[in-house]
Amino acid sequence: MLTFSGLARAAYCPRQYYYAERESTGPPPAARARRDLAFRYPDLRAASDAALATEPIERSPSAYRAALDRLADRDDWAALTDPTDRERRLTGRECRGVVHKILPGDPPTPTFVSPGRPPEQGVWRPQRVRAVAIAKALAWERGEGVPAALVEYPAHGVVRRVRLTTRNLAAYRRTIRTIRGIDGPPPRLDDEAKCEACDYREQCGVRTRSLRSLLGLDGS
């Protein structure tokens, strides 16, 4: 059965998914430390500048506290800080994995905690796909619809909602089809930014070209 994390990898790059599935490594310690911030919002909100300077946050202490103050104005602040379940393993019809929080409500809201940074608006596409997967898995388990999930970016004090819209469901289904169609290494992407940031760049053998080369200015 597909996993939530594998689905997000495939949405980012099918070739990265291919290589990652052949390893069994978990998230690095730095990523785990950032995810842990999502379970400490009230304490972090009250922390001093000196204390926040020792935390794996990606904003200045004053900006981070201001971001948490904005979170505290949300209707679901109490649920974010006191979820019904934490680190809950879910098994849906197509995907399984760990959902980091389940917020109480009717229906409940599952949450994925990202160690990275949020986009200017909304949620990155791989994380939208993962959010749909966790909502569908929780719905499958409960036998009733779950119309949305949250993506938390605790190192930035940001929480975004992902609704199961037609567009997001279509992205999820395309990713499922992509994974099921993989039989050997998928074609390489023509995306230098993605390749430069990929942990599997060496195994993949991607050769990215500089901007000067792409413009024909390198003398070759």
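A few points about this structure:
- The sole residue among Gly105, Gly97, Gly92 that is of a type outside the set (Asp, Glu), assigned by TED's automatic domain parsing to the domain that holds Arg9, surrounded by 12 or more Cβ atoms within 10 Å (Cβ to Cβ) and free of Cβ contacts under 8 Å to residues at least 60 places away in the same chain is Gly92.
- If you go through the range 164-201 and keep only what is assigned to a helix (DSSP H, G or I), among the basic types (Lys, Arg) and either more than 24 Å from Pro28 (Cβ to Cβ) or at pLDDT 95 or above (or both), you end up with Arg167, Arg173, Arg174, Arg177, Arg180.
- Residues being acidic (Asp, Glu) and assigned to a loop (DSSP other than H, G, I, E, B) - total across the range 46-99: 7
- Condition met for Asp218 (at pLDDT below 95, outside the structural domain of Arg93 (by TED's automatic domain parsing), outside any helix (DSSP H, G or I) and under 23 Å from Asp36 (Cα atoms)): no
- The range 120-163, residues that are over 28 Å from Ala72 (Cβ atoms) and assigned to a loop (DSSP other than H, G, I, E, B): Gly143, Glu144, Gly145
- Arg212 surrounded by fewer than 13 Cβ atoms within 10 Å (Cβ to Cβ), at pLDDT 95 or above and either under 12 Å from the mean Cα position of the chain (by Cα) or in a helix (DSSP H, G or I) (or both): no
- Every residue from the range 144-163 that is surrounded by fewer than 23 Cβ atoms within 10 Å (Cβ to Cβ), farther than 10 Å from Arg128 by Cβ and at pLDDT 95 or above: Val146, Pro147, Ala148, His156, Val158, Val159, Arg161
The values are calculated or read from the model by the stated rules, or taken from the named source; none is laboratory data. None of these values were measured; they are calculated from a predicted model. With ideal geometry, Cβ positions are generated from the backbone for all residues, glycine too; neighbour counts draw on all protein chains shown.
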